[in-house]
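Reading through the structure tokens given below for one structure.
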Amino acid sequence: RQHEATLAVRGLADIVQAVLACWRSADSDRSSAYRKAHGITERPRVGVLVQELVPADAAAIAFSVDPVSSDRDTVVIDAGHGLGDAIASGTLTPDTFVVRKTDRPLRKRPVGRERPARTADQAREVADPAIALGHEHAGGVAGDCALPGPRRRRPPWRSTTPTERPEP
């Protein structure tokens with residue numbers, strides 16, 4: 001993540017401060033290093049999304065194209081307990097599921113975890129919208145979603161980001 005994200009903000013004054021922190025993070029060392037590494041020379045225009053926090057037992061980031069191997073036939077899902085900010089920041093080692101797109105069998109599942117973040121069936125539920133969103137973007141997407149407990153049925157998607165530029 002290149003720009004600052006703030007969770008669980010309450011009250012107008014704190015929301016304004018969180019938005020300003022996100023805007024200011026465009027000038028951070030982290031953001032500058034990302035732009036330099038990717039050959040981006042123009043100053044970014046930062047849009048800020050303010051939304052209601054979805055309570056979740058776990059969260060996932062789904063990649064419609066394998067981010068390591070670039071395999072376009074699989075969906076990679078990183079899941080972890082909590083809200084997902086620890087997955088995005090790299091402070092948590094997630095449970096990783098790899099799902100083949102054609103018929104949805106798991107190619108890889110977490111091994112040796114005492115309490116995995118999600119089950120294979122829940123991973124497949126996350127894979128379906130990731131596949132559809134990847135088709136819509138004509139390339140790969142990364143999407144994050146909350147993985148609710150047993151009272152909710154479908155994982156609510158919070159955001160998606162293209163991971164590669166569509167071919168011309």
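The values are calculated or read from the model by the stated rules, or taken from the named source; none is laboratory data. None of the values given here were measured: they were computed from a predicted structure. Here the Cβ is made from the backbone with ideal geometry for all residues, glycine too, and neighbour counts use every protein chain on show. Side chains are part of the model used for accessible areas, which takes the heavy atoms of the whole protein and leaves out ligands, DNA and RNA. Shrake-Rupley method; radii C 1.70, N 1.55, O 1.52, S 1.80 Å.
Summary of computed values
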read-out	value
Estimated FRET transfer efficiency (Lys108, Ala37; beta-carbon r; R0 30 Å; 0.05)	0.60
Förster-model FRET efficiency, 25 Å R0, Val68 and Asp27, C-beta, rounded to 0.05	0.25
Nonlocal amide H pairs with Glu4, under 5 Å, H built at 1.01 Å	Ser25
Extension gain, Arg10 back to Leu53 (0.36 nm per residue minus Cα-Cα distance, nm)	14.4 nm
Trypsin sites (Lys or Arg not before Pro) restricted to region 8-56 and DSSP loop, no more than 15 other C-beta within 10 Å	Arg10, Arg45
Area accessible to solvent at Ser64, 1.4 Å probe radius, in Å²	0
By accessible area with a 1.4 Å probe, ligands and nucleic acids excluded, highest first: order of Thr93, Thr119	Thr93, Thr119
